[in-house]
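The values are calculated or read from the model by the stated rules, or taken from the named source; none is laboratory data. As the structure is a prediction and not an experimental result, all values here were calculated from the model. Every residue, glycine as well, gets a Cβ built from its backbone with ideal geometry; the counts of neighbours run over all protein chains shown. Note: accessible area is taken over every heavy atom of the protein model, side chains too, but ligands, DNA and RNA are not part of it. Shrake-Rupley method; radii C 1.70, N 1.55, O 1.52, S 1.80 Å.
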Amino acid sequence: MRAAQTARTANPARSRPAHPVLWAALAALAGGAVLCVIGWYGVSGERFAERQLPYLASCTVPGAALIIAGAVLLTHGRSALAAARVEELYDLLVAAEPATAPERDRTPMATSDELRTVPGGTLRHRADCPLVAGKAEAAPADATTLARGALTPCPICAPQPPKARPEPPDDPPTASEPTPGR
């Protein structure tokens, strides 16, 4: 028994405080139920309606009001408890990284120089990009499509733009050749 209590109190993040709204709701429900029972008992013991009215006014009506108030408080308390649990889960999911943690490596996930595309796609990928790796429909990128610049780089693997083929430079005319127009 004591070991279970120690285990519960050893991790303070796991223990939840008692919500006073829930306790107030339970007290209102219990008090309303007691008043309704007393009112019913008083009304059932009287034969004439004029002698039953005091029991209705002093016990049954306030008891019903307490039951309604308890139900509203219970609903509010449960939603507040649910909101607190959601907040706790959110804090666990997005816990801040420690300040001493190394900064993430900003290098691309893929390093291959071969470019691939998916039919009907608008992105160019590296061959080892996780989005196209192992997919049979991923084909090598067409040189004419790459030259037109119709494909944008994948944001995951960040392929380099395709290298344009160098065109042969125009040779200036030499002195031995006559220049046109002279």
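Observations on the structure shown:
- Out of 106, 116, sole residue that is closer than 30 Å to residue 152 by Cα, modelled with pLDDT of 70 or more, within 35 Å of the chain's Cα centre (by Cα) and among the charged types (D, E, K, R): 116
- Some residue of segment 74-82 being surrounded by 14 or more Cβ atoms within 10 Å (Cβ to Cβ), hydrophobic (A, V, I, L, M, F, W, C), assigned to a helix (DSSP H, G or I) and at pLDDT 85 or above: yes
- Any pair with Cβ under 9 angstrom, 6 or more apart, that starts in segment 65-86 at a residue that is more than 28 Å from residue 35 (Cα to Cα) and ends at one that is surrounded by 13 or more Cβ atoms within 10 Å (Cβ to Cβ) and aromatic (Phe, Trp, Tyr): none
- Just one of the listed residues (145, 111) is at pLDDT below 80, open to solvent by less than 40 Å² (accessible area, probe 1.4 Å) and of a type in the set (Val, Ile, Thr), and it is 145.
- The lone exception for residue 87 - which of (1) open to solvent by less than 90 Å² (accessible area, probe 1.4 Å); (2) at pLDDT 85 or above; (3) under 30 Å from the mean Cα position of the chain (by Cα); (4) not hydroxyl-bearing (Ser, Thr, Tyr) it fails: (1)
- Count - residues of segment 4-28 that are at pLDDT 85 or above and either charged (D, E, K, R) or open to solvent by 50 Å² or more (accessible area, probe 1.4 Å) (or both): 3
- Exclusive hit being touching a helix residue (DSSP H, G or I) at 6+ places or on another chain (Cβ under 6 Å) and under 30 Å from residue 91 (Cα atoms), set 43, 21: 21
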